[in-house]
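*Asks:* The structure follows.
The values are calculated or read from the model by the stated rules, or taken from the named source; none is laboratory data. All values derive from a computational prediction rather than experimental measurement. In this analysis, Cβ positions are derived from the backbone assuming ideal geometry, glycine residues included, and neighbour counts consider all displayed protein chains. Surface areas here come from the heavy atoms of the whole protein model, side chains and all, with no ligands, DNA or RNA. Shrake-Rupley method; radii C 1.70, N 1.55, O 1.52, S 1.80 Å.
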Amino acid sequence: MAKYTQLIESIIAAVGGKENIKASFHCATRLRLVLKDLGIYSADKLKAAEGVLGTQIVGEQLQIIIGPHVAEVYDEFCQAAGIPKEAAIDANLDSAGSVTGKMLGSRIIDVISGSFVPLIPIIIAASFIKLLATILGPTMLNLISAESDLYTLFTFVGDAGFYFLPVFMGYSAAKKMGVSVVLGLFMGAVMIHPTLTALVSSGEPFTVYGIPMTLVNYSSSTIPMILIIWVMSYVERFFKKVIPNSIKMIFVPLCTMLVMLPVALCIVGPLGSLLGSAITNGLLGIASLGTFGVIIVCALGGGLWNVLVLCGMHLAYYMAGVTLFIENGSDPMIMTTVVAGTMGLFGMTVGALIRNFRDSEARATFTGYLLTHLIGGVTEPALFGIGMKYSKPFVGAILGGAAGGVYYAVSGAAVTTMTAASNFLIFTQFAGAGTSNFINGVIGGLIAAAVAALYTYFFGFSGKRNN
């Protein structure tokens, strides 16, 4: 039995059979098909196939994202489909011709998704290791103390999976965008180097070639690295063209990094932080308009919370809530929407689990995501493994967060205990200001979860419900 038989059979069935395949090519990561009738292929069946990372229509081509082993798949595919092999083509051919807004949006989603998906195993493993520390540690079963070697081991190993995300993303995004992966890793390491982290913590001014650097902590960030690698792809490509072959090995990576340092540290990297601050200031400005303004802010804050987390902009927003809490002893506007957004993500996971309950693999995976969130308070597996991987369920999380935020604004519920819990203790943040505040805190969270779960169940996955 050939290595990719099941994958190839799934692809052939999804595109309408062998007789519907006119020609086939491949590039570095994609199987590219020209179909006789493009209207009869099933995108849902393709995306559901094990081994398919995504699909895209570019011109008359159906592009199926496989990964770096696509050449092996292509050889077996041509044999199974009974079509002649063609030479591998340059991935940059995608840029030929006019680009519509829909195509551009599809490419952006493809790049983000293709960069995130390879990191899911790291995120899942790190999440479960952190979960073990939580379950066995003093806050739950108390089987191991906070000073024990095992607790320390689980804690720092779990944290490593998230702290070094810029390095992992540097590798993954570089592979996706055709950049030298070692430079992607190098750039990720630069962004979380202890010296840079210490400069940010101290608040001391620092310049890159005389250009003032915005002090931002990039640990656990992802989107800034995708933007940095995207820019790097053009910089490296330029130097590969202009530097003679005899000295390319030395001067292409050197020149690329020298150019990227100010770009990454002074422009692209801080963009997420600057946008986060701008969003926060804009929301606070809207809130100053009165009750209706507060409702709008809570709806936007709850809906956009997970977007901010995804883009690494959430700290500026959350710190605005902390400031309000310190000044007033409670916060009815910022930190409440963090709860709403978190519960929206939880509801998205519940909806995905119920919708796909009969699929044993999906059930096991989504249950794992749910437990890491419910017990450990780790939301990244669901955010990346469901929200980013399937896209549509993420809309449910946004809508759920917005609905919960609106309820908090209308009811006047406020966070009165700054526990910052995102697990099953999340509602303790509403304790300390009377029973009604706690009840409204719970109701708002349940509304967020319910809206997200219902949307995900009915609209998050195309095709027949698998429950």
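*Asks:* Looking only at segment 237-271, count how many residues are closer than 26 Å to residue 197 by Cβ and over 25 Å from the mean Cα position of the chain (by Cα).
*Replies:* Total meeting the criteria: 7.
*Asks:* Hey, could you check segment 193-214 for residues that are closer than 19 Å to residue 316 by Cβ and open to solvent by less than 60 Å² (accessible area, probe 1.4 Å) and say which is modelled with the lowest pLDDT?
*Replies:* 214
*Asks:* Look through 348, 260 and report the one residue that is open to solvent by less than 60 Å² (accessible area, probe 1.4 Å) and in contact with a Pro (Cβ under 8 Å, 6 or more places away or on another chain).
*Replies:* None of the others qualify; the one that does is 348.
*Asks:* Might you let me know whether segment 393-406 holds any residue that is at pLDDT below 95 and out of contact with any helix residue (DSSP H, G or I) (no Cβ under 6 Å at 6 or more places or on another chain)?
*Replies:* Among the residues of segment 393-406, not one is at pLDDT below 95 and out of contact with any helix residue (DSSP H, G or I) (no Cβ under 6 Å at 6 or more places or on another chain), which makes the answer no.
*Asks:* Would you confirm whether any residue within segment 459-467 is of a type in the set (Lys, Arg), open to solvent by 10 Å² or more (accessible area, probe 1.4 Å), modelled with pLDDT under 95 and over 23 Å from residue 307 (Cα atoms)?
*Replies:* Yes - at least one qualifying residue is present in segment 459-467.
*Asks:* With the condition being modelled with pLDDT under 85, I'd like the strands (runs of 3 or more DSSP E) fully within segment 1-97 carrying at least 2 qualifying residues.
*Replies:* Filter on segment 1-97 gives 21-26, 54-58, 61-65.
*Asks:* Considering only residues of segment 98-117 that are buried (at least 18 other Cβ atoms within 10 Å of the Cβ) and in contact with a helix residue (DSSP H, G or I) (Cβ under 7 Å, 6 or more places away or on another chain), which is modelled with the highest pLDDT?
*Replies:* Per the stated criteria, the residue is 115.
*Asks:* Filter segment 287-328 down to the residues that are surrounded by fewer than 16 Cβ atoms within 10 Å (Cβ to Cβ), closer than 28 Å to residue 348 by Cα and modelled with pLDDT of 85 or more and list them by number.
*Replies:* 292
*Asks:* Only one of 183, 141 is at pLDDT 90 or above and not acidic (Asp, Glu). Can you tell me which?
*Replies:* Only one candidate passes the filter, namely 183.
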